[in-house]
Structure formats: C-alpha cells, structure tokens
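So the structure is just underneath, and the comments pick up after that.
The values are calculated or read from the model by the stated rules, or taken from the named source; none is laboratory data. From a predicted model like this one, the values you see are computed outputs, not experimental measurements. Here Cβ is always computed from backbone atoms with ideal geometry, including for glycine, and neighbour counts include all displayed protein chains. Note: areas computed on protein heavy atoms with side chains; ligands, DNA, RNA excluded. Shrake-Rupley method; radii C 1.70, N 1.55, O 1.52, S 1.80 Å.
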Amino acid sequence: MSDEIYQETLLKLAKEAPGHGRLEPNAASVRLDNPLCGDRVRIDLRVRGGRIAEVAHEVRGCLLCQAAAGVIGRHAVGLDRAGVAELSGQVEKTLAGEIPAIEDLAAFRPVSGHRSRFDCVRLPFQALKEAAEIL
Amino acid sequence: MRLKDQFPLLAGDPGLHYLDSGASSQVPGAVLDAVSRFETTQRANVHRGVHRLAEAATAAYEGARDDIARFLSAAREEIVFTSGTTAAINLVAHSFGDGLAAGDAIVISGLEHHSNIVPWQMLRDRRGLVLEALPVTEEGRIDLSQLDRVVTKRTRLIALAHCSNVTGAVVDLGRVVASAKAVGAAVLVDGAQRMPHGPLDVPGLGVDFYAFSGHKMYAPHGIGVLWGRRERLEAMPPFLGGGDMIRRVTLEKTEYAPPPVRFEAGTPNVSGAIGLGAACRWMGGLDWTEIVQEELRLTGCLLDGLARVPGVRVLGPLGLQQRLGVVSFALAGAHPHDVSQILDRHGVACRGGHHCAQPLMDRFDLAGTTRATIAPYNEDADIDALLVGLDEARRLLA
C-alpha cells in the first residue's frame, strides 16, 4: 500500500503547492501544529461578502500535508462556512476510501489504508476550518 | 540459532527489517511464555488472597522484582513497579518534588524526551521552582562543560537521559554525579534507551533514581521500574493513594507501607511485571559485551552508509565512542514521515518525527528526523535494506 501514496498527482500537487505564501494583511490567520510529528500549517484568509476572497498557506510538513494545503489553494476561494465544512467532509470521505466529488482529492484515496497518516492530510483543512470561523 | 529466531514475530516475518526498537522492542519467546504461563496457570490478584492461585501470583510477581533487582545489582526494596519511564519520572516529580520549596532549582538538558521535561515544568509551576537546562553540543551531546554554570547551590535535582533517544549519545554520569554531590543535589536518570543493552550496576552509578520501561527491553508494554536509593525512597511520601500501599487505614488517617509497596497503589500490572522479570532473566543469559560490540559494528555500518547518501545529515555523534545504536538523520528536502513511509515499502520499520524531543529539534532547526535503532536481533541485511530504501526515498522525495 505504501507505494500507492506517492502517486504523480499527489507529488505534483505538493510540488506546485498552489496558494503557497502569506497574505498580509489578512482577515484571519490560523497556525496549527500536529503534536505527534511537529508539522506546522498556517492558513491566511481575506474575505468578502461572507466568502473566502483569497487564501494562502505555509506548510512545514510532509508531502501529504503540503498536497492537502495545495487542494485548499485551488478550491477554497469562493467558499462560505458551509462550503468549507463540505470540503472537510469530502476529505473525511476520501480518507474513508470513498470517491470524492472533488477530483484533486482523489490523490488522497490511497491514504485510507494508512490511519497514522490521516492527520497529515487533515491538518491544513482543520486550520482552514478554524480560520473560516470569521465568515 | 540466530538471536533473531528467538523472537516469534521476527522469525515469522523474514521480510521485516525492524529498526524501531527505540520506540518498542520485539519480545522473545521466553518472555511470551512466562506471561502466558502466568495468565493460564497462576492468574490471580497479588498481596491479597490466601488461596493457591493468589499465593502463586504473589510469588511470581515478587519473584520478578527479585529478577529485576539482580539485573540492576540492587536491593529488591529499591525496585518500584510503574507503568513505564514516564510514570516513574512523574512519581519522583510528585513525591520527591513535595519536599522542594519556591526558589529551589531542577536541572535538565536540551535533549530530553518530553517525559523528562514536562513533569518538571508542571512541578516548577506548582511549587515556584526554577527549571534550568544544560545546552546541547553540535554533536548532539549534553554539554557537560556547562555544569559549573548551570548547577548551583539552589539545585536540588539533576534529571538527565542516560542515552539520548534521538542522537544515541551516552552521557558521562560520573561528571554529573560529581557536580550534583558538590551542591547536595540528587540525580535522576532516564534509562529508557540504555536498559535494552544489558545489565547495569545502577547503585554503582552514584545516582539516586533510575527510570526505565519494559517495552523497550523485550518485555510487555505498560510496565516499567523506578529504582530509587533506599534512603531516598524511605524519605518520600506516596504519590498515589489506594490499596496495597498502606500499613493501616482508619477514617481519620493512614499509615503508609514502606517502599517499594508505598509507591504501588492499586492492583499492579502483574503479568507485565512477570514479563519484565522474564526479560531480565533472558537478558542475563546473554553475552552483552559481544552483543554491544556487534550493535556498535552495525551502527558504524549505518553511519558509514548514511555518509555516502547525498543530502543526509546525521543528528548525533558520527563516531562510536560514548554512544549506542540510536541513529537519527534528516534527508534534505524530504520529510521524515515520507522517508519512513518509503522505507516501509522495503520492509524497513523506522520512526519518523520529533521523537518526543521537540526542544532538541528546535535546537537543530528541524521539524523531525528519521530514526533507526539497533537491537541485538538486527543484522547487516537490516542496514542494507534501510540504505536501499533511503536511496529510493532520495530519488522520489529530495
């Protein structure tokens, strides 16, 4: 199973890391650490009309964490709080082995067999969820 | 028979290269048999009943204490069963810590496991103490040249790891004890990473407390030991209250039992203790001079191999002096979780992360490392598999 995790799509997502960087000033900025491995994620948001207008992320973490942040960079703009919750729900479905509605998340399906790596994927989405409380 | 063949899990999984013994070792058949024998023929509570099984269980439990005492060249009254190193250190932090006053100081180091940091921070906050840390050298050792500066007349306890769970560096306890004695301080040693490498004359170290876990030394999870010098334990109040640790209880007050039972409130982990006793007996039958020599030979092979991998930085001593087979490294551009995952596809079990030593990671400006630990059952093939896997990880990740 291990070798399936590092597929081309996931590696590309992590490498390109769309949305990488900081937003200064921002409406919300949340930094979360994974206490088990020390990974660290920061999500910055700018908002307009109750929706995410711009998003940026900084990740000190593994490829899964970087790729997950990349999904946020691609898909978070335009979401309201319900949309952010729906995105997180899609992540959980993917980790449960289901086929996600968002194509980019399919890169994480092989992670479903590696419970110890779930939090690597979840960390950026958890940070996004907390940042989106401003919406 | 290869030592590896004495471990049913390893014998049954020839493709596995287990290099994560620093987290939890594997368990030999002799220990599994002892635990199984207790659970199937002697299981009962200890120190309570007078029936045949209760007598057998008590004899087995106390017999395990004797086995461990022999392994440590210590008196049986100085062996306190705990759930592990963490519980042992917390016991001292509470019971010994009760005798400390505001302004007293405790000295730790920058390479400690969180279990030898957090209990002291909590004690500091409860009692208004000062917590000082010895710095760490570039080589990943505790900088003992700073002892004279950090240890002062206010110091009441120095608490250090015998062997770093990240760098493998072994501390010169003689210097630490001399420094502590000069100011009348006690010394606690976290021996979790040292004890898997053979018997030890613990009283001869000159320290006051020595804590270790069974699960890193071929015994079950959930059992460990606090060795405490008799006069220290006798002077300490209990940590937890409950059954077994009493001499007499009235509704007004309680008279406590003497050590070690004073510190063993409630029904203990009987089968775990029996397993740890069996592990000590098993270890006692091996030639540890030869085994440690072989472990260090493998450690040298690993260090040499890592030196040939572009982008690898070893966190710890590059030589074999005053170190054990705990080898941590960072691969430039690759996260230790990803490296460990790639190694797993080669059957190599390593640990990736901060190893519960975040201050040490901060010291070296790293989020984490990949760690391989060498145990008696490891062989050249394990090192070779790691290096092959690492080559793939480098090509894929770095």
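Of the residues making up region A:46-62, just one is surrounded by fewer than 24 Cβ atoms within 10 Å (Cβ to Cβ) and either among the polar types (S, T, N, Q) or at pLDDT below 95 (or both), namely A:R60.
For region A:80-117, give me each residue that is part of a helix (DSSP H, G or I), without any contact (Cβ under 8 Å) to a residue 60 or more places away in the chain and among the aliphatic types (A, V, I, L, M). Before you say what the answer is, go through the steps one by one.
Of the residues in region A:80-117, the ones part of a helix (DSSP H, G or I) are A:81-95, A:103-113, A:115-117.
Still in the list and also without any contact (Cβ under 8 Å) to a residue 60 or more places away in the chain: A:81-95, A:103, A:105, A:109, A:112, A:115-116.
The answer is A:A82, A:V84, A:A85, A:L87, A:V91, A:L95, A:L105.
Identify all residues within region B:319-336 that are part of a loop (DSSP other than H, G, I, E, B) and free of Cβ contacts under 8 Å to residues at least 60 places away in the same chain; write none if there are none. Write out each step before concluding.
Quick first cut of region B:319-336, residues part of a loop (DSSP other than H, G, I, E, B) only: B:319-322, B:324-325, B:332-335.
Scanning region B:319-336 gives B:G319, B:L320, B:Q321.
Remark: pairs (first residue in region B:264-292, under 14 Å from B:A59 (Cα atoms) and touching a residue at least 60 places away in the same chain (Cβ under 8 Å); second residue among the basic types (K, R) and open to solvent by 20 Å² or more (accessible area, probe 1.4 Å); Cβ separation under 9 Å; 6+ apart in sequence or on different chains) = B:V270/B:R43; B:S271/B:R43; B:I274/B:R37. Candidates in region B:348-369 are the residues that are more than 19 Å from B:E138 (Cβ to Cβ) and more than 10 Å from chain A (Cβ to nearest Cβ); of these, the one that is most open to solvent (accessible area, probe 1.4 Å) is B:R351. Filtering region A:8-39 to residues that are within 11 Å of chain B (Cβ to nearest Cβ) and open to solvent by less than 80 Å² (accessible area, probe 1.4 Å) leaves A:L10, A:L11, A:A14, A:D33, A:N34, A:C37, A:G38, A:D39.
The single residue among B:L324, B:L397 that is within 14 Å of chain A (Cβ to nearest Cβ), touching an Asp or Glu at 6+ places or on another chain (Cβ under 8 Å), among the hydrophobic types (A, V, I, L, M, F, W, C) and open to solvent by 10 Å² or more (accessible area, probe 1.4 Å) turns out to be B:L397.
Looking across region B:316-345, the residues that are under 13 Å from B:D20 (Cα atoms) and among the small types (G, A, S) come down to B:G325, B:S328, B:S340.
Would you check which residues across region A:64-84 are touching a helix residue (DSSP H, G or I) at 6+ places or on another chain (Cβ under 7 Å), open to solvent by 10 Å² or more (accessible area, probe 1.4 Å) and within 19 Å of A:L135 (Cβ to Cβ) and list them?
A:R74, A:H75, A:L79, A:R81 - these are the residues of region A:64-84 that are touching a helix residue (DSSP H, G or I) at 6+ places or on another chain (Cβ under 7 Å), open to solvent by 10 Å² or more (accessible area, probe 1.4 Å) and within 19 Å of A:L135 (Cβ to Cβ).
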